[in-house]
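For reference, the structure discussed in these notes is given below.
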Amino acid sequence: MERIAAIYLAHLNPLTNTHRHIISLLLLRGYNVYVYPVRFLKNHKEINTRSFPFPYSIRKAMIESVFRDSKSITVSPDYTLISPFVKYLPPLISPFSWVLRNQILQNVREERFITYTGDVAERITLSVFRLNPIKARRLPGSASAVKNMLYKQAFNEFSKGSRDGQMHAVQNWRDKVPNGVADLIERHWEIVEKFARSSDSTLRVMGMKIPKEGFI
C-alpha cells in the first residue's frame with residue numbers, strides 16, 4: 001500500500017509534549033511525517049526573538065532526541081521565510097506565499113500528502129493553498145506557556161529568588177516537555193537568559209508571528 005506524507009508546519013519553539021503527541025499520532029496512523037520548524041532568515045542568518053528563542057539547529061535536535069529511532073520522520077528546513085518578510089503578505093494573494101508553499105513540497109517524496117493543524121483558521125488557509133489539511137482539534141499545552149515558565153525561572157535566578165520558587169518553576173516546565181528536550185534547554189540555558197532579559201521584537205500580522213527585524 002502506498003504511504004502518504006503528513007506535513008506538520010509549526011514553530012516548535014520549544015518542542016512540547018503536545019507536539020510529541022501529534023507527531024506520534026501521525027506515525028501511528030501510518031504516515032511518513034515531514035516536520036517543518038519555521039525559520040526566518042535575513043542575510044543568510046536566522047532571526048530569533050523572545051517568541052522564537054531557539055534556532056532551527058536546536059529545534060531539529062529536540063525532535064531527533066524524541067524520535068531518533070523512527071525512519072518515518074524527516075525534519076526539514078524548507079519552511080523558510082527570507083527577509084523582507086512583508087513580501088509574504090497577505091497570504092494567498094502574495095506570489096511569494098505560493099513560492100513558499102512550493103518550497104515546502106519540493107522534497108516530499110510521496111505523491112499523496114496531507115497537512116496537520118488543530119487551528120480552524122489555519123485549516124482554511126491550508127485548504128486554499130491546496131495542502132490537504134485533515135480535520136483535527138486543538139490540543140492543550142502551548143509552547144508559549146513553556147517559554148513563559150522558562151523566562152520566569154531565569155528571572156527568578158537574576159533576582160536571586162528563593163530556591164523553592166526556582167525549583168517549582170523547573171518542575172512546571174519540565175513536566176510539559178520530553179526529557180531529551182529538557183536536557184537540550186538546560187544545555188543551552190544562555191539562550192533562555194538572553195531572551196528573558198529582552199523585550200519581544202515580534203510582530204503579529206494577519207494572525208502570523210513575524211520578527212520585526214527583517215520585516216521590511
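Evaluate segment 157-178: report whether one residue or more is in a loop (DSSP other than H, G, I, E, B), within 20 Å of residue 27 (Cα to Cα), in contact with a Leu (Cβ under 9 Å, 6 or more places away or on another chain) and at pLDDT 95 or above. First the steps, then the outcome.
Here is the first cut: in segment 157-178, the residues in a loop (DSSP other than H, G, I, E, B) are 159-162, 175-178.
Those left that are additionally within 20 Å of residue 27 (Cα to Cα): 177-178.
Checking the rest, the ones that are also in contact with a Leu (Cβ under 9 Å, 6 or more places away or on another chain) come to 177-178.
When the remaining residues are screened for being at pLDDT 95 or above, the result is 177-178.
Scanning segment 157-178, I find at least one residue that is in a loop (DSSP other than H, G, I, E, B), within 20 Å of residue 27 (Cα to Cα), in contact with a Leu (Cβ under 9 Å, 6 or more places away or on another chain) and at pLDDT 95 or above, so the answer is yes.
Confirm whether residue 100 is outside the structural domain of residue 61 (by TED's automatic domain parsing), at negative phi and assigned to a helix (DSSP H, G or I).
no
Would you be able to tell me the number of residues in segment 16-41 that are in contact with a Gly (Cβ under 9 Å, 6 or more places away or on another chain) and over 15 Å from residue 78 (Cα atoms)?
Count: 6.
Which of the residues that make up segment 77-87 are part of a helix (DSSP H, G or I) and in contact (Cβ under 8 Å) with a residue 40 or more places away in the chain? First the steps, then the outcome.
As a first pass, look at segment 77-87 and keep what is part of a helix (DSSP H, G or I): 85-87.
Hits for segment 77-87 are 85, 86.
Quickly run through segment 112-145 and pick out the residues that are part of a loop (DSSP other than H, G, I, E, B) and either at pLDDT 95 or above or in contact with a helix residue (DSSP H, G or I) (Cβ under 6 Å, 6 or more places away or on another chain) (or both).
Across segment 112-145, the qualifying residues are 112, 117, 129, 130, 131, 132, 139, 141.
So which residues in segment 88-98 are without any contact (Cβ under 8 Å) to a residue 60 or more places away in the chain and surrounded by fewer than 16 Cβ atoms within 10 Å (Cβ to Cβ), if there are any at all?
Passing the criteria: 92, 93, 94, 95, 98.
The values are calculated or read from the model by the stated rules, or taken from the named source; none is laboratory data. The structure displayed is predicted, hence computed values, not measured ones. Using ideal geometry, Cβ is built from the backbone for each residue, glycine included, and neighbour counts are taken over all protein chains shown.
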